[in-house]
Amino acid sequence: MAYTITRKNRLKEELQLCHADGTLALTATVDINVDEIGQRVSKAYETLGMAQNELEKAPTSAEAMTAYGDAVIAVFNVIFGEEDTQNILLFYEGNYSEMLLDIFPFINDEIMPKIREASAARKNQLLDLANKSKGKRGIFGK
Amino acid sequence: MNIYDPYPTTVEIDGKTIRLDLDLATVLRVIDAQDDPALTTADRLELQARLLLADGESCPESPAEQAKIIAAAMELLPAAEKSTEPRYLDFHQDAALIRSGFMRAYGIDLTRDAVHICQFLELLADLPADCALMRTIDIRRKPIPKQTKENAEQVAELMKLKAKVAIKYSEEERRQRFAESLKNSTALKG
């Protein structure tokens, strides 16, 4: 069997945020290994979905608002890293909803498809390995 | 379970009998998938369900249905005791010792023979005390005695052996164990 080495599947993207007059305010960088991030992104998205549901049920609850803010930050931390997330948050002056509304299309359209693609490739690779091994294994005692 | 009952290979879900593949290799692959950093939750559930379903069984598309299959399969396994004690066995780190122990004691080649996970666990618990795996586990379990003038050499030797065979915890496990020990120490104080 051939010994295969695959280079790490690194994704680098830049997101530029501008002031109302069009001048550049900051450049946030995405630098992730898409082969190692599917699980973390998924968990962060699930937590965000639950926090959104709770906030819809109780829109004035301080607890629900804090949980929602934390969940947005968690998704951004996975994608942009902590430092750039803090800079983005400063740019939006702590307005999580506006930040999410503006930047989520970038995450969903540019970043997530590559993470999903890497996850699907890994799933298929593990299924192939299992199927190959199944065919070779005999039942003990028979 | 009666002594004459076969090992379980089916589960009943919503009134339907589903056949499973509970070979050791399959179950270990399912457990490994749980921590695979590349997999999104949707892909992990689909992978785990597909692995567990026997040939000819079709995998449902809904993640909730896939999760039911995984949960039902895990229910069939002997329950692991929840413990804050350290682990004494690691299926990856001790793979060579487990394989050689099974070959020597039972003539089973775990790289080629399909063994039901329940049978594997029963046989694992019954490996002879003098096999390398059991001796390794014994070293991990052994408490370090209080050092005196008389036993200084033996204590040093035991500590050296313990370091040599220590289980290497993953970063996630280390974090969990730290959180658990914090919780326990807080509970003790409270």
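The values are calculated or read from the model by the stated rules, or taken from the named source; none is laboratory data. Bear in mind the structure is a predicted one, so any value in this text is a computation, not a measurement. Neighbour counts are summed over all protein chains in view; Cβ atoms, including those assigned to glycine, are modelled from backbone coordinates with ideal geometry. The area values use the complete protein model at the heavy-atom level, side chains included, leaving out ligands, DNA and RNA. Shrake-Rupley method; radii C 1.70, N 1.55, O 1.52, S 1.80 Å.
Structure notes:
- Verdict on B:Glu81 being modelled with pLDDT under 95, assigned to a helix (DSSP H, G or I), surrounded by fewer than 18 Cβ atoms within 10 Å (Cβ to Cβ) and out of contact with any helix residue (DSSP H, G or I) (no Cβ under 8 Å at 6 or more places or on another chain): no
- Count of the range B:142-177 residues, restricted to those that are out of contact with any Pro (no Cβ under 9 Å at 6 or more places or on another chain), assigned to a helix (DSSP H, G or I) and not acidic (Asp, Glu), is 12.
- Residues in the range A:8-15 include at least one that is farther than 27 Å from B:Arg44 by Cα and acidic (Asp, Glu).
- For the range B:6-56, the set of residues classified as surrounded by 16 or more Cβ atoms within 10 Å (Cβ to Cβ), under 27 Å from A:Ala118 (Cα atoms) and of a type in the set (Asp, Glu) consists of B:Asp21, B:Asp36, B:Asp43, B:Glu46, listed by residue number.
Every residue, every condition in (1) within 14 Å of chain A (Cβ to nearest Cβ); (2) touching a helix residue (DSSP H, G or I) at 6+ places or on another chain (Cβ under 8 Å); (3) within 30 Å of A:Thr47 (Cα to Cα), yes or no:
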{"residue": "B:Val30", "(1), (2), (3)": "yes, yes, yes"}
{"residue": "B:Gln34", "(1), (2), (3)": "yes, yes, yes"}
{"residue": "B:Glu57", "(1), (2), (3)": "yes, no, no"}
{"residue": "B:Ala64", "(1), (2), (3)": "yes, no, yes"}
{"residue": "B:Met74", "(1), (2), (3)": "no, no, yes"}
{"residue": "B:Phe91", "(1), (2), (3)": "no, yes, no"}
{"residue": "B:Arg104", "(1), (2), (3)": "no, no, no"}
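Rundown of residues vs (1) at pLDDT 90 or above; (2) within 30 Å of B:Gly56 (Cβ to Cβ), yes/no style:
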site	(1), (2)
A:Tyr45	yes, no
A:Thr60	yes, no
A:Asn77	yes, no
A:Phe91	yes, no
A:Glu117	yes, yes
A:Arg122	yes, yes
A:Asp128	yes, yes
A:Asn131	no, yes
A:Arg137	no, yes
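- Residue ID - least open to solvent (accessible area, probe 1.4 Å), chosen from residues in the range A:65-98 that are more than 23 Å from A:Val34 (Cβ to Cβ) and aliphatic (A, V, I, L, M): A:Leu89
- Test: residue in the range B:117-128 that is under 20 Å from B:Ile167 (Cα atoms), away from every other protein chain (no Cβ under 14 Å) and in a loop (DSSP other than H, G, I, E, B): yes
- Among the residues of the range A:90-104, not a single one is β-branched (Val, Ile, Thr), within 11 Å of another protein chain (Cβ to nearest Cβ) and touching a residue at least 24 places away in the same chain (Cβ under 8 Å).
- Scanning the range A:111-127 for residues that are in contact (Cβ under 8 Å) with a residue 24 or more places away in the chain and surrounded by 14 or more Cβ atoms within 10 Å (Cβ to Cβ), we see that the one that is farthest from the chain's Cα centre (by Cα) is A:Arg122.
- Any chance A:Ala130 is more than 14 Å from chain B (Cβ to nearest Cβ), of a type in the set (A, V, I, L, M), open to solvent by less than 60 Å² (accessible area, probe 1.4 Å) and over 20 Å from the mean Cα position of the chain (by Cα): no
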